[in-house]
2 protein chains.
Amino acid sequence: MTAAANQNGRRATASRRLERAGIRDVAAAAGVSITTVSDALNGKGRLPDETRSRVREVAERLGYRPSAAARTLRTGRSGLIGLTVTTYGEEPFTFTEFAYFAEMARAATSAALGRGYALVVLPASSRHDVWSNIALDGTVVIDPPDQDPLVTELYRSGVPVVSDGKPGNCPVTAWVDNDHEAAVLNILEHLSEAGARRIGLLTGTSTDTYTRLSTEAYLAWCDRVGQEPVYEAYPAHDPAAGAVAADRLLARPDRPDAVYGLFDPNGTDLLAAARRYGLRVPDDLLLVCCSESDVYANTEPPITTLSLKPRRIGTTVVNLLIDAIEGVDAGTGTTAGRLFPPRYRTAGTGPPPGTLMPTELIVRASSQPRAPRTTVSPPRPPGEA
Amino acid sequence: MTAAANQNGRRATASRRLERAGIRDVAAAAGVSITTVSDALNGKGRLPDETRSRVREVAERLGYRPSAAARTLRTGRSGLIGLTVTTYGEEPFTFTEFAYFAEMARAATSAALGRGYALVVLPASSRHDVWSNIALDGTVVIDPPDQDPLVTELYRSGVPVVSDGKPGNCPVTAWVDNDHEAAVLNILEHLSEAGARRIGLLTGTSTDTYTRLSTEAYLAWCDRVGQEPVYEAYPAHDPAAGAVAADRLLARPDRPDAVYGLFDPNGTDLLAAARRYGLRVPDDLLLVCCSESDVYANTEPPITTLSLKPRRIGTTVVNLLIDAIEGVDAGTGTTAGRLFPPRYRTAGTGPPPGTLMPTELIVRASSQPRAPRTTVSPPRPPGEA
DNA sequence: CGTTCATGGAGAAACGTATCTCCGGCCTTC
DNA sequence: GAAGGCCGGAGATACGTTTCTCCATGAACG
């Protein structure tokens, strides 16, 4: 009966340690071959149900757990997805610092788990050895800068890459982004209708897509309607710099009567700056900022915010990535396909497919002059302007 | 020259695909053996520097990247650490929902990366196949419930487990927690000194360590000083229930003149409830809540908070875990040790080693009668940078 | 009665690395 | 002049799966 012990000669020579049971042990205990065990547990092959259940029972009894490492080595699939956020400045990473990232990451994790994948968080600035030590089936990159060497290398080594934020010059498999241009135009229009005559912008100095597209849309709008641009830029990763920039913006001689702040803390920064200058919101100053935080529902006054809907973005990004990962095998043919490495190929040339997702403007008191329901009466210009 | 191609017979028979270069290819190109390549790249063995650098150069030229899966299989080490948060309720996971988790996770990720490990986020409620599909060197468990089956299984299969939150009956390798008892006593004392006669508690209905220990400390204190306990409990994972409970607490006939709220949103909840009942803070009601959010520095009035210092916890937990992981091999002997599975053994019996970490009470106006001046974060003058 | 087929399953070859064992030279040393 | 000792490196094995290939058996069918 237990003659099967002779089959695995190697194990017979080694003294029996208290190792975890392997597939060989299960096969021996069940009196079948390794193949049968593998097929039974993975639901493959042609086996009568009786054999299947018997093998499963034996495996359960022995506490058998397949080795993830061996499976990964054999199948070329790890079930792991990298989630990378390009780090601003020196800090390890600004993860969860802004609500956008936190929400996006949470949604991405959920979506991945729902499809049987797990997410591993890897800052782009991590030591190279950490990256190459992990078998990744694909990677989500949040807001890659132009010519990101990390993305380029990943792509070259055959790992699918989907970016959150339209990539500049990086070759990605696909990308997802908000329609920042439409969002900014919508806000500017909203503020104009609320009576704004001179709309200012609080923006960043970094070159990521979000900052760039938003600022360009603002400048283009200014050019179109004939307003002189009024904006201040600051390094968005510096939490203290935002307050300073907000102050600068409201201290200008050509002080705007409405401001859109591109970053999450801008709302409170602008509100505080307005108080310092004795400006009432919304009477003297209309305010909108981009934020996922609901604290702006309870500020005094509540502040109109633009939500980028990070949950939707995170879910979409992960689903696109997994589609690419799993689509690889489907496209490589029938028999010899298995021999091919899981290298993603772009169909011909041309830009990678991108998806634009809408944003949502949550209108609150800060952008509604006086009566919240009628916008007919234009506000009087603040001070002398 | 390229006669080395004959050595790897397997590769010679298969038609040459455009696969990624393996260690064999490097060996062939450099005219050395696989062993030499491995040693040269990993800094092991005894090789002259000339050979080392030559092999490295060839590897670089071929764009060689070692297979993480193969290395993991061979060494039994993946460089991956699981980060598990027990899910409250139905939601996928409350990660990043509370600032505590977000901060703790961020610190843990940083600490892990600093030591060459990466973190993979895995809710305790994930499908079992996701868990067993990933080779984990160890796991951090946030606040495991009593008799957590997940922890038990992990521990049994030899994976080191370190928990954030003193475990009830789970066998963990080590644990870290705040000194909740001391923290609560400190708060109660602080409130008493501020003039409180009847201190109420807003607590949770769940059985996690934090809730349990804090509540018990409160009850013990009441018993000691002879005050009748005044508390309301609600399911902490329900964001709406907190406001209701806060309202209930202040509506009681034996209304407290000071309240400590165990959860992050309790501060605003209690403040809102106080307003509804026309209670002035801190004149009629002293307020403290446990929170990592700095919004309480700007509420009206600013609210005294207890910080659990999640960054410190996250860092400590990860370092303890990695110590355990890397300590395993050190303890298994010299020669035959390599054959042993990386199974962690507790030294004898007895409880697992635990570390208590201090908390920090940030005193603001809400718990100081009269004195409106805060001791932290003084207001910034308008003109200052 | 011979041929085909479907069924149930076994054997063995990978996957790509790390590492244990061993071996040939050359140099020293008595 | 022979016996170690060190240097530089090659061979082979094992890590634990998945999966390709192939075989034996018996039934169906002409």
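The values are calculated or read from the model by the stated rules, or taken from the named source; none is laboratory data. Please read all numbers here as calculations on a predicted model, not as lab measurements. For neighbour counting, all protein chains shown are included, and Cβ atoms are generated from backbone atoms with ideal geometry for every residue, glycine included. The protein model used for the area step is the full one, side chains on, heavy atoms only, and it has no ligands, DNA or RNA in it. Shrake-Rupley method; radii C 1.70, N 1.55, O 1.52, S 1.80 Å.
Reported to the nearest whole Å, the Cα centre-to-centre distance from region B:96-132 to region A:97-132 is 10. Straight Cα distances below 18 angstrom link A:K166 to the lysines A:K309, with same-chain residues fewer than 8 positions distant left out.
If you take all other residues with their beta carbon under 14 Å from the beta carbon of A:A217, and give Lys and Arg +1 and Asp and Glu -1, the sum is -3. What the Cβ-Cβ distance of B:T75 and B:L361 gives, at R0 = 35 Å and to the nearest 0.05, is a FRET efficiency of 0.15.
Placing a pseudo-label 7 Å from each Cα along the Cα-to-Cβ vector at A:R224 and B:V225 gives an inter-label distance of 6.4 nm.
Between identical copies, the spacing of A:P353 label points, each set 7 Å from Cα toward the C-beta atom, reads 5.4 nm from nearest to farthest.
Net charge in the neighbourhood of A:R312 (other residues with Cβ under 13 Å of its Cβ; Lys, Arg +1, Asp, Glu -1) is -3.
In nanometres and ascending order, the distances from the A:E50 label point to those of the other copies are 7.1 (point 7 Å from Cα along Cα→Cβ). Sorted from nearest, the other copies put their B:S132 label points 3.4 nm away, the label point being 7 Å from Cα in the direction of Cβ. For region B:150-273, the solvent-accessible area of protein heavy atoms averages 39 Å² per residue (probe radius 1.4 Å; ligands and nucleic acids excluded). In whole Å, what is the distance between the alpha-carbon centres of region A:190-256 and region A:275-330? For region A:190-256 versus region A:275-330, the Cα centre distance is 17 Å. Neighbours of A:T35 by Cβ distance under 14 Å: Lys/Arg scored +1, Asp/Glu scored -1, total +4. The A:R197 and A:D294 beta-carbon pair, evaluated with R₀ = 45 Å, returns a calculated FRET efficiency of approximately 0.90.
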